[in-house]
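Some notes on the structure that comes next.
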Amino acid sequence: MTRKEYELVYDALKNYHVYMDKDQRLLAEQILDDLYYPREVKDREDTDKTGQEFREELDNLVADAETLPFEDEKFHCISIAFGIRNVTNKDQALKEFYRCLKPGGRLLVLEFSNPEYNWLSELYDLYSFNLLPKLGQWVAGDSKSYEYLAESIRMHPKQDEFLKMMNEAGFKNSEYQNMTGGIVALHFGEKII
């Protein structure tokens, strides 16, 4: 199987590349410098690449989500988990993700969000703004980073607002799914031309 037969997935936050075969089976994934193979891939006979050979084909880079250094229509999927809230210009980043996706490609955004219920929102704010910084100070000796975390979550657009931003960037069939009562939401959309 040649490299061109692999689907390429780009995780905008983790420098995470996944190679899949044409039947959507995971071949290998790289997280920074480590290469992992799922058990079923190790046992398959149709891939003769060694870990070292995969490593030589993969590149890692640090890039600004607002100005990605990739050609148009490069990826089948782009994902970002718990990072879009830290992007200064989210609209620009969404446009860049759209530009870098192949037609039919998908964007997946997992992020802290807005709780669905008032009682949960009040409880979550109590935890986020009071308990979390104290835990951060106790465990890591750093309360400021945890105060920032709570503030960045509150400043992130609510689910419907972020969905609208995705649609304005060009994504179609955009939806979101709340998890943990809306504390976390998964947004997804497709590039359909």
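The values are calculated or read from the model by the stated rules, or taken from the named source; none is laboratory data. None of these values were measured; they are calculated from a predicted model. Neighbour counts are summed over all protein chains in view; Cβ atoms, including those assigned to glycine, are modelled from backbone coordinates with ideal geometry. Side chains included, ligands, DNA and RNA excluded: accessible areas come from the protein's heavy atoms. Shrake-Rupley method; radii C 1.70, N 1.55, O 1.52, S 1.80 Å.
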Exercise. Is it the case that Ala185 is touching a Ser or Thr at 6+ places or on another chain (Cβ under 9 Å) and touching a residue at least 60 places away in the same chain (Cβ under 8 Å)?
Worked result: yes
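For Ser145, indicate whether it is under 17 Å from the mean Cα position of the chain (by Cα) and over 16 Å from Ser113 (Cα atoms).
On the way: under 17 Å from the mean Cα position of the chain (by Cα): no; over 16 Å from Ser113 (Cα atoms): yes.
No, not satisfied.
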Problem set entry | Criterion violated by Ala150 - all others in (1) in contact with a Phe, Trp or Tyr (Cβ under 9 Å, 6 or more places away or on another chain); (2) part of a loop (DSSP other than H, G, I, E, B) satisfied | (2)
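For segment 135-193, which positions are of a type in the set (Val, Ile, Thr) and open to solvent by less than 40 Å² (accessible area, probe 1.4 Å)?
As a first pass, look at segment 135-193 and keep what is of a type in the set (Val, Ile, Thr): 139, 153, 180, 183-184, 192-193.
Within segment 135-193, Ile153, Ile183, Val184 qualify.
Please find, within segment 81-107, the residue that is most open to solvent (accessible area, probe 1.4 Å) out of those that are over 25 Å from Tyr146 (Cα atoms) and not in a helix (DSSP H, G or I). Reasoning before the result, please.
To start, the set of residues in segment 81-107 that are over 25 Å from Tyr146 (Cα atoms) comprises 91-92, 94-107.
Now restrict to residues that are not in a helix (DSSP H, G or I): 101-107.
On the way: Leu101: 0, Lys102: 64, Pro103: 75, Gly104: 48, Gly105: 3, Arg106: 132, Leu107: 0 Å².
Only one residue fits best here, namely Arg106.
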